[in-house]
Amino acid sequence: MIRSIATIFLLGLSAGGLAATSLTAGEAGDAVFAERGPWSVSDEGLNWSMHVEGPDMAGFLPVEAGSVILHEFTDPTDNKPALQLTEKTDNRTRKIGPFPISGGDPVLTFFLEQTTRDIAKLTGGSPFYIRNRIKEALFESGKITQDDDNRTASFQPLRDDPNASQMNGFETLTLTFVLGEDPKAPIRELLARTEGDQPGYINRMVLQ
């Protein structure tokens with residue numbers, strides 16, 4: 001099993017009081033990183049579709065019609081319940097975990113780390129640098145809009161980056177998260193998208 005991403009983006013932000021039209025720095029991030037544990041997952045698990053596209057470059061793996069399933073299992077190291085992700089893409093299936101039942105959001109962790117790795121591959125940049133810029137944006141900026149039963153949190157982590165000229169179009173990156181009214185509910189949609197044709201990057205996960 002892959003364990004390395006399990007601790008990278010589990011920032012442990014708690015949900016605070018949210019106002020749809022008046023936000024202070026960090027409140028959009030609080031909504032995205034709301035405490036969703038302890039998780040209660042059915043036998044079938046929770047299934048997100050996954051689609052990734054971008055330029056044809058060595059090392060970048062597009063995904064036409066993949067999926068990420070969050071399910072509960074018994075961790076053989078301690079015989080206690082834990083969470084695990086199963087990623088299925090066009091050319092591979094892998095299990096990622098374990099994650100604690102009462103920890104952060106494994107799907108959010110997976111999405112952010114995949115986006116970071118893709119940007120690093122497509123720009124030749126440092127994944128550590130890109131990861132830190134994304135963390136800063138999630139902590140310190142962003143906005144929330146309200147539409148019927150959904151709240152949407154969005155961030156532009158590289159827009160004002162001092163190295164924007166070297167980002168090969170990723171300075172236009174927007175991270176978007178569609179959230180339900182219940183802060184403990186799974187995130188309905190996770191989207192990373194650049195503007196324009198270059199680099200034409202999309203990483204989209206939708207709860208089924």
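Identify, by number, the condition in (1) outside any strand (DSSP E or B); (2) modelled with pLDDT under 95 that R151 doesn't meet.
All conditions pass for R151, except number (1).
Residues being acidic (D, E), farther than 24 Å from N168 by Cβ and assigned to a loop (DSSP other than H, G, I, E, B): count how many of those fall in region 45-80.
Kept after step one, since they are acidic (D, E), are these residues of region 45-80: 53, 56, 64, 72, 75, 78.
Within this subset, residues satisfying the condition of being farther than 24 Å from N168 by Cβ are 72, 75, 78.
From the residues that got through so far, the ones that are assigned to a loop (DSSP other than H, G, I, E, B) too are 78.
Qualifying residue count, region 45-80: 1.
Out of the residues in region 133-144 that are under 16 Å from the mean Cα position of the chain (by Cα) and open to solvent by 70 Å² or more (accessible area, probe 1.4 Å), state the one that is nearest to G29 (Cα to Cα).
Checking each candidate, the answer is F139.
Would region 122-129 turn up any residue that is open to solvent by 20 Å² or more (accessible area, probe 1.4 Å), modelled with pLDDT of 90 or more, in contact with a Leu (Cβ under 7 Å, 6 or more places away or on another chain) and not acidic (D, E)?
Checked against the condition, which is being open to solvent by 20 Å² or more (accessible area, probe 1.4 Å), modelled with pLDDT of 90 or more, in contact with a Leu (Cβ under 7 Å, 6 or more places away or on another chain) and not acidic (D, E), region 122-129 yields no hits at all.
May I ask you to list the residues in region 145-162 that are within 16 Å of S126 (Cβ to Cβ) and touching a residue at least 12 places away in the same chain (Cβ under 8 Å)? Walk me through how you get there before you give the answer.
Start the filter on region 145-162 by keeping residues that are within 16 Å of S126 (Cβ to Cβ), which leaves 157-158, 161-162.
Residues satisfying the conditions are P157, L158, D161.
Report every pair of residues separated by at least 6 positions or lying on different chains whose Cβ atoms are under 6 Å apart, first residue within region 179-198 and closer than 24 Å to L122 by Cβ and basic (K, R), second modelled with pLDDT of 95 or more and assigned to a strand (DSSP E or B).
R193/T174; R193/I202
Do you know which residues across region 136-183 are among the basic types (K, R) and touching a Leu at 6+ places or on another chain (Cβ under 7 Å)? Give the steps one after another, and end with the answer.
From region 136-183, those among the basic types (K, R) are 143, 151, 159; that's our starting set.
Matches in region 136-183: K143, R151.
Please go through (1) free of Cβ contacts under 8 Å to residues at least 60 places away in the same chain; (2) within 16 Å of the chain's Cα centre (by Cα); (3) open to solvent by less than 90 Å² (accessible area, probe 1.4 Å) for E171 and return the number of the only condition it doesn't satisfy.
(2)
Of all residues in region 154-167 being part of a loop (DSSP other than H, G, I, E, B) and touching a strand residue (DSSP E or B) at 6+ places or on another chain (Cβ under 7 Å), which is surrounded by the most Cβ atoms within 10 Å (Cβ to Cβ)?
Only one residue tops the list, namely P157.
For a quick check of your reading of the model, give me the residue pairs whose first member lies in region 117-144 and is within 25 Å of A34 (Cα to Cα) and outside any helix (DSSP H, G or I), whose second is open to solvent by less than 50 Å² (accessible area, probe 1.4 Å) and not hydrophobic (A, V, I, L, M, F, W, C), with beta-carbon atoms closer than 7 Å and at least 6 apart or on different chains.
Once the first residue is within 25 Å of A34 (Cα to Cα) and outside any helix (DSSP H, G or I) and sits in region 117-144, its partners that are open to solvent by less than 50 Å² (accessible area, probe 1.4 Å) and not hydrophobic (A, V, I, L, M, F, W, C) give G142/G29; G142/S154; K143/S154; I144/R151; I144/T152.
Identify, from the list R94, R117, the residue that is under 21 Å from M205 (Cβ atoms), among the charged types (D, E, K, R) and surrounded by 14 or more Cβ atoms within 10 Å (Cβ to Cβ).
Numbers: R94 fails: surrounded by 14 or more Cβ atoms within 10 Å (Cβ to Cβ).
Result of the check over R94, R117: R117.
The values are calculated or read from the model by the stated rules, or taken from the named source; none is laboratory data. What you see is a predicted model; the values in this text were computed from it and never measured. Using ideal geometry, Cβ is built from the backbone for each residue, glycine included, and neighbour counts are taken over all protein chains shown. Side chains are part of the model used for accessible areas, which takes the heavy atoms of the whole protein and leaves out ligands, DNA and RNA. Shrake-Rupley method; radii C 1.70, N 1.55, O 1.52, S 1.80 Å.
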